[in-house]
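First up is the structure itself, then whatever we jot down about it.
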Amino acid sequence: MIGCETKSPNKKAVESNVKSDTTDLSTKTTIEVVEKSGEPYKVITEKCNCSDFNKFKNYRYYDTDLSFYNHNLSGNKSDSIFKRYSSDSLRLTIKSIRFSMFDTIPEKFSVFENVEHIVIESRKNISCLNNFPNLKSVFFWGSQIDINPSDKWLNKIEGIYAEKSVVRGLKSFSITPNLKEIYFGHARLEPFPTDFDKLKCLRRITLGAYRGDIDLSKIDLALNPCIERVEFNTWYDAFSGIPKGIDTYRTFKLIINHQKLTKEEKEIIKAHNNRNKQASP
């Protein structure tokens, strides 16, 4: 194998008294503090301008069109699969591939030019994901991965998933502006970037049984206009606090469970979820 070179509320329908207006100049997000029945709350005027995308088969890492293994015991099998699917129009029908025990994906696999989802199972770093121009999502399973922040695939990726993995090197979400879904289960992103507000297209984030160290109070969900579902769940002492932007009367599902939650924080989460129920049709 040859390796490659290394619904914002309708303010007119509410009798309200606008108390102040603040604008985040870097993101053009406008937040108005409004009084309703004597209770102050926030209205976010920035709208979601990102389309959704179909997540890949409910995170199932093993359910791909093709699988290739980089070890001697399965070498002949992987070679025969490659020859069968790469020689004719079948190669254009392949949308997902699993690569096991690769550190460099050989350039020959770029013949599968319509691949949208890749599963990586590797104890080493991985390179050459740039060879797939239509890549939309990546799943790391049982992997120890150091991401190269200069890789071009990061700029176009829409979903990143990880289980039983450690992913390092993604120091800023500014290099993944098109991310719409984040899922980490029994895994961690190290370090977790501090600029969560850069994820303007993010719809869903799940950090389940998360391992790491994240101060959730540094996250302001008011600055993520597309957000639909948020889950921060751990029993590994990985979180502290709760995110800002929960008091915005927006209808997104919120699940937060960790050992450091205070009684007051639990009441804020409960109030948000009660508002969601009342707003549901």
- line: Ranked from fewest to most other Cβ atoms within 10 Å of their own Cβ, SER217, SER89 fall in the order SER89, SER217
- prompt: Fewest first, what order do LEU223, LEU261 take by the number of other Cβ atoms within 10 Å?
  reply: LEU261, LEU223
Segment 50-279 - Rg (one decimal) and Dmax (whole number), Cα, Å: 19.1, 62
For a label point 7 Å along the Cα-to-beta-carbon line of ASP247, residues of segment 204-225 with backbone N under 11 Å: none
Sorted largest first, extent of segment 132-212 alpha carbons per principal axis (Å): 28, 26, 19
query: For a paramagnetic label modelled at 7 Å from the Cα of GLU113 toward its Cβ, which residues of segment 86-101 fall within the zone defined by backbone nitrogen distances under 20 Å?
result: 86-97
task: Please give the contour-minus-distance gain from LYS218 to MET101: 0.36 nm per residue of separation, less the Cα-Cα distance, rounded to one decimal in nm.
output: 38.5 nm
message: Let me check I've understood the local charge: for ARG123, count other residues with C-beta under 12 angstrom from its C-beta, Lys and Arg +1, Asp and Glu -1. What total comes out?
response: -1
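Any read-out appearing in this document is the output of simple, stated calculations on the displayed coordinates, not a laboratory observation. Note that this is a predicted model, so its numbers are computed, not measured. Glycine also receives a Cβ, built like all others from the backbone with ideal geometry; neighbour counts cover every protein chain displayed.
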